[in-house]
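Structure first, then comments.
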Amino acid sequence: MFEAVLFDLDGTLADTAPDLGGAANFLLQEEGRPQQALDKLRPYTSQGVRGLLKAGFDLDPGSPEYDRLAERFLEIYAERLCDQSTLFNGIPDLLDQLENRGLSWGIVTNKRMRFTDPLVKLLGLTPRTRCVVSGDTTPEAKPSARPILYACQNLKADPARSIYVGDDLRDIQAGRAAGCFTVAVSYGYLGHNGPLETWGADLIIDHPSELADYVASCVGQK
């Protein structure tokens, strides 16, 4: 039986693309460039500033203007952290069911702590989540296993009896490296990592309710 469920944040628990994409478009406007449709920016939002600067400006880390624009993007995003971001449909019910079954749940994200902690609070999750691990909490971020192992240690949960849920290939790679049961969500941002079916996840779900059903079926087998 599972002991804990850990979630990625952006694109898994919460739809943060409207605010991340909005920050990118604000920056594009400041720089005299045309704004882009949110649907075009959406696949890049799980990669944060790196992905959005690539989508909007075709810049990679190390490019001459990257550091300046990255710093300005983060300034803009900090001012609109949760203007339009919301939990995905079905997430509140899923969390209720996990808690009712006595399962601990937490968050493991590559978002920096300065953004993660206030966003989690604004989403109303701070009183509920048992653990929040950000991209700068441990020396290495996902796809390293270290953030997930750190979360499991905090929850006193066996990684082999824990679930990690995410919407990016790095999430599945990190979860597998940690020894967790991995779940990929098709409703997330997904990025440009090839077909979801090739990531090696143990389970693919189209809606959070499917994870609740899966956990319930595992409990029923005990």
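The values are calculated or read from the model by the stated rules, or taken from the named source; none is laboratory data. From a predicted model like this one, the values you see are computed outputs, not experimental measurements. We place every Cβ from the backbone using ideal geometry, glycine too, and count neighbours over all the protein chains shown. Surface accessibility is based on the protein's heavy atoms, side chains included, excluding ligands, DNA and RNA. Shrake-Rupley method; radii C 1.70, N 1.55, O 1.52, S 1.80 Å.
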Checklist entry - What percentages, rounded to whole numbers, describe P(r) for segment 1-81 computed over all alpha carbon pairs with 5 Å bin width beginning at zero? => result 3, 16, 26, 24, 13, 7, 4, 3, 2, 1, 0
Checklist outcome for this item: Taking Cα atoms, the helix 91-100 axis meets the longest principal axis of the chain at an angle in degrees (rounded to 10) of 30 degrees
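Compute, for segment 66-195, the length of the dipole vector about the Cα centre, with Cβ point charges of +1 (Lys, Arg) and -1 (Asp, Glu) only. Units Debye, rounded to 20. Walk me through the numbers on the way to the answer.
On the way: 16 positive and 15 negative charges, 62 e Å.
Dipole size: approximately 300 debye.
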Checklist entry - Protein chains only, probe 1.4 Å: how do HIS192, HIS207 rank by accessible area, largest first? => result HIS192, HIS207
Item to check | For VAL133, distant residues with modelled amide H under 5 Å away | outcome: ILE107, VAL108, THR109
Checklist entry - Distance in nm between label sites at GLU30 and HIS207, each 7 Å beyond Cα in the beta-carbon direction? => result 4.0 nm
Checklist outcome for this item: With x for Gly and Pro, the residue-by-residue ³J(HN,Hα) of segment 199-214, computed from phi through the Karplus equation 6.51 cos²θ - 1.76 cosθ + 1.60 at θ = phi - 60° and given in whole Hz, is 6, x, 5, 6, 8, 10, 10, 9, 8, x, 4, 5, 5, 4, 5, 5
Checklist entry - If you wrap the chain's Cα atoms in a convex hull and average its projection over all directions, what's the area in nm²? => result 11.6 nm²
Item to check | Student exercise, the chain dipole from Lys, Arg, Asp, Glu Cβ charges, in Debye to nearest 20 | outcome: 540 debye
Item to check | segment 70-149 pair-distance distribution - Cα-Cα, 5 Å bins, rounded % | outcome: 3, 13, 21, 22, 21, 14, 5, 2, 0
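With a ≥ b ≥ c the root eigenvalues of the C-alpha gyration tensor of segment 62-109, is it rounded (a/c under 1.5), prolate (a/b larger than b/c) or oblate?
Taking the square roots of the gyration eigenvalues as a ≥ b ≥ c, segment 62-109 is prolate.
So, by mean Cβ neighbours within 10 angstrom, what's the order for 92-98, 145-151 with the highest one leading?
Numbers: 92-98: 17.1, 145-151: 22.6.
In descending order of packing, they fall as 145-151, 92-98.
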Checklist entry - Using modelled amide H (1.01 Å from N, peptide plane; none on Pro or chain starts), what sits under 5 Å from the amide H of SER104, excluding residues fewer than 5 places away? => result VAL5
Checklist outcome for this item: Per the C-alpha gyration tensor (a ≥ b ≥ c, the square roots of its eigenvalues), segment 94-188 is rounded if a/c is under 1.5, else prolate if a/b beats b/c, else oblate; here it's rounded
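Please compute the net charge surrounding ALA174, taking Lys and Arg as +1 and Asp and Glu as -1 over other residues with Cβ under 15 Å from its Cβ. Write out the running numbers ahead of the final one.
On the way: positive: LYS111, LYS142, ARG146, ARG170, ARG176; negative: ASP8, ASP10, GLU140, ASP167, ASP168, ASP171, ASP202.
Summing Lys and Arg as +1 and Asp and Glu as -1 gives -2.
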Next on the checklist: For a quick check of understanding: with a 1.4 angstrom probe and all protein chains in place, what accessible area in square angstrom does GLU75 have, to the nearest ten?
Outcome noted: 80 Å²
Item to check | ASP96-SER217 FRET efficiency (beta carbon distance; Förster radius 22 Å; 0.05 resolution) | outcome: 0.80
Next on the checklist: Explain nothing, just the number: dipole magnitude of segment 114-176 about its Cα centre with +1 on each Lys and Arg Cβ and -1 on each Asp and Glu Cβ, in debye rounded to the nearest 20.
Outcome noted: 200 debye
